[in-house]
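These notes concern the structure reproduced below.
The values are calculated or read from the model by the stated rules, or taken from the named source; none is laboratory data. Every value quoted in this text rests on a predicted model; they were computed, and no experiment measured them. As a convention, Cβ positions derive from the backbone with ideal geometry for all residues, glycine included, and neighbour counts pool all protein chains shown.
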Amino acid sequence: MNSIRHQSNNVHTGVVKNAASAETIIITIVLNNQSQTCESPISVGEIVHGYASNVEGTAVAYNRAILSKSQWSLTHLNDGDSVDIFTLVAGG
């Protein structure tokens, strides 16, 4: 299982406190068919920007439905959510 780091340089399991002393919860998501842990709250946009260096030509499926780019930063992940990131590749 991989971990996505968010708001912290340390990966934790369970409930942790971040630097601002606010309670943070670790959730498990499925990112491109791989189980990942990350700190919540986290948006689809944060996941995409951490995964793809260039988001031009990138499409996202959130829980098996295409999510428009305008919704990436507004959609926050919950435990068990699925995110698939597709990037166009040019070539022949």
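A few comments on the model shown:
- A search for C-beta distances below 9 Å between a residue of region 30-51 that is more than 20 Å from Ile66 (Cα to Cα) and any residue that is in a loop (DSSP other than H, G, I, E, B) and of a type in the set (Asp, Glu), counting only pairs 6+ apart in sequence or on different chains, returns Ser40/Asp79.
- Note on region 48-85: residues that are touching a His at 6+ places or on another chain (Cβ under 9 Å), under 24 Å from Ile26 (Cβ atoms) and crowded, with 16+ Cβ neighbours inside 10 Å total 1.
- Residue within region 29-43 that is closer than 17 Å to Leu88 by Cβ, assigned to a strand (DSSP E or B), within 13 Å of the chain's Cα centre (by Cα) and of a type in the set (Gly, Ala, Ser) present: no
- Verdict on Tyr51 being closer than 28 Å to Glu23 by Cα, of a type outside the set (Val, Ile, Thr) and modelled with pLDDT under 95: yes
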